[in-house]
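Single-structure report; data block below.
The values are calculated or read from the model by the stated rules, or taken from the named source; none is laboratory data. Note that the structure is predicted; figures quoted are calculated from it, not measured. Here the Cβ positions follow ideal geometry from the backbone for every residue, glycine too, while neighbour counts run over all protein chains shown. Ligands, DNA and RNA are stripped out before the accessible areas are found, and what is left, the full protein with its side chains, is counted by its heavy atoms. Shrake-Rupley method; radii C 1.70, N 1.55, O 1.52, S 1.80 Å.
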Amino acid sequence: MMRKMTLQFFLMLGAVLIIIAAIPLVFNDPYHEGPYSGPSNVWELVQMFARDSWASLLAIGLLLSIASGFGLRR
């Protein structure tokens, strides 16, 4: 029972990381020029983080999802 819940948690975590990695495909670049450049709210911070580290988020999300899927199937 606990093993199945843990595997489902890792599956959901992998799905969330894949969705965060896909944010730069949907939304524009939040960077601005000027002395006050940078994120002005949390959503822009999330966009900047996703744009800077999309490859590692995608790789970790896929690994977690695939490993959890194999574990749940067994």
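Counting only helical runs of four or more DSSP H residues, what would the 222 nm mean residue ellipticity of the chain come to if each run contributes -39,500 (n - 2.57) and the total is spread over all its residues?
-24000 deg cm²/dmol
Around Ala21, under 12 Å between beta carbons, what's the net of Lys plus Arg minus Asp minus Glu among the other residues?
Spelling it out: positives minus negatives among the neighbours equals 0.
Toward the positive end of the charge dipole of the chain, about the Cα centre and with charges on Cβ (Lys, Arg +1; Asp, Glu -1), which of Val26, Gly38, Met1 goes farthest?
Value: Met1.
Rounded to a whole number, what % of the accessible area of the chain do carbon and sulfur atoms account for, probe 1.4 Å?
Reported share for carbon and sulfur atoms: 72 percent.
Please identify, among Leu45, Leu58, Leu17, the residue showing maximal mean-square fluctuation in a Gaussian network model of the chain using a 10 angstrom Cα cutoff.
Leu45
The chain: which chymotrypsin sites (Phe, Trp or Tyr not before Pro) are DSSP loop and have at most 12 other beta-carbon atoms within 10 angstrom?
Hits after loop and neighbour filter: Tyr31, Tyr36.
Tell me, what is the per residue accessible area of the chain in Å², probe radius 1.4 Å?
77 Å²
Mind checking the dipole of the chain: about its Cα centre, +1 per Lys or Arg Cβ, -1 per Asp or Glu Cβ, Debye to the nearest 20?
Charge dipole of the chain: 740 debye, to the nearest 20.
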